[in-house]
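Have a look at the structure below before the remarks.
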Amino acid sequence: EYMRARATAEAALIAMKVPAIQPIIDNLLTFESPDVRGNACRVLGVICDQAAALVPPAAAVPVVQPLIDRLNNDPQWAVQRRAATALGLLRDVAIYNGVVPVLISHLGDRPEVKAAVVEALGRIGDLRAVGPLVNTLVTNRRGATTELRIALTAMGESAIPALSGVLGNPEGEVRLIATQAVAEIGGPNAVVPLGGMLK
């Protein structure tokens, strides 16, 4: 009954769109229950998802700083994870409002948060993240290997030079993930690195 009531309330907030944003920020993002805070992050992400275009970019800007605050300061990793995921849905709004460097600064977090941060960076697609993502692949990939491959693939051909630099890494898992990402990106620039791997 509780789950049904909660789902109904969340659906109603999402349907309200812009009018729901400030009340969620004011009343739910700092609520004492981490479950409520996490769901508030998720609902804000759904409302402000720029791919879904439920709200215009200007309406999504007010959620940026409150979500960053949850990512940076919430004592519960599950809430931090939800905040990172929501920030990734903002796409260009995230780029123009300073989210990318904040997300990059969390690539060293615990695996659950790191995986959500990597996924968010892949969705945003800002090329400033390529180097840090490749570095994470080489040095700190535990718990986020699939997300790293997907995020680096999403960066497109601009990621191929950085990925090519780790195709000779001594660790097989690093070589495999980098090779998969280059192959999935494809295109003319992928031919030489992939040909080299055939040797």
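When the range 163-175 is examined, which residues are found to be in a helix (DSSP H, G or I) and under 11 Å from Leu137 (Cα atoms)?
The answer is Leu163, Glu173, Val174, Arg175.
Only residues that are buried (at least 19 other Cβ atoms within 10 Å of the Cβ) and of a type in the set (Ser, Thr, Tyr) were counted across the range 100-111, and they come to 0. Evaluate the following for Val36: is it of a type in the set (A, V, I, L, M), farther than 17 Å from Ile124 by Cα and in contact with a Lys or Arg (Cβ under 7 Å, 6 or more places away or on another chain)? No. Ala144 meets all of the listed conditions (1) closer than 25 Å to Val191 by Cβ; (2) aliphatic (A, V, I, L, M); (3) over 11 Å from the mean Cα position of the chain (by Cα) but one, namely (1).
Of everything listed in (1) of a type outside the set (S, T, N, Q); (2) over 13 Å from Ala181 (Cβ atoms); (3) in contact with a helix residue (DSSP H, G or I) (Cβ under 6 Å, 6 or more places away or on another chain), the single unmet condition for Pro170 is (3). Residue check: is Asn97 out of contact with any strand residue (DSSP E or B) (no Cβ under 6 Å at 6 or more places or on another chain), open to solvent by 30 Å² or more (accessible area, probe 1.4 Å) and of a type in the set (S, T, N, Q)? So Asn97 passes the test.
Checked against the criterion of being open to solvent by less than 60 Å² (accessible area, probe 1.4 Å), farther than 15 Å from Leu133 by Cα and either among the small types (Gly, Ala, Ser) or in contact with a strand residue (DSSP E or B) (Cβ under 9 Å, 6 or more places away or on another chain) (or both), the candidates Ala178, Ala183, Ala159 yield just one match: Ala183. Can Arg70 be described as under 15 Å from the mean Cα position of the chain (by Cα), in a helix (DSSP H, G or I), modelled with pLDDT of 95 or more and closer than 17 Å to His106 by Cα? Judged against the criteria, Arg70 is a match. The set of residues in the range 186-199 being part of a helix (DSSP H, G or I), open to solvent by 80 Å² or more (accessible area, probe 1.4 Å) and not aliphatic (A, V, I, L, M) consists of Pro188, Asn189. Regarding the range 27-49, can at least one residue be identified that is of a type in the set (Gly, Ala, Ser) and within 22 Å of Met155 (Cβ to Cβ)? Checked the range 27-49: at least one residue is of a type in the set (Gly, Ala, Ser) and within 22 Å of Met155 (Cβ to Cβ). Residues of the range 159-181 include none that is in contact with an Asp or Glu (Cβ under 6 Å, 6 or more places away or on another chain) and modelled with pLDDT under 95.
Would you confirm whether or not the range 16-31 contains a residue that is closer than 27 Å to Tyr96 by Cβ and of a type in the set (Gly, Ala, Ser)? Within the range 16-31, one or more residues are closer than 27 Å to Tyr96 by Cβ and of a type in the set (Gly, Ala, Ser).
Residues of the range 1-51 that are touching a residue at least 24 places away in the same chain (Cβ under 8 Å) and assigned to a loop (DSSP other than H, G, I, E, B): Lys17, Leu29, Asp49, Gln50, Ala51.
Right, Gly143: assigned to a loop (DSSP other than H, G, I, E, B) and open to solvent by less than 60 Å² (accessible area, probe 1.4 Å) or not? So Gly143 fits the description; yes.
The values are calculated or read from the model by the stated rules, or taken from the named source; none is laboratory data. These numbers were taken from a predicted model, which means no experiment stands behind them. Backbone-built Cβ (ideal geometry, glycine too); neighbour counts: all protein chains shown. Keep in mind that these areas ignore ligands, DNA and RNA; they rest on the heavy atoms of the full protein, side chains included. Shrake-Rupley method; radii C 1.70, N 1.55, O 1.52, S 1.80 Å.
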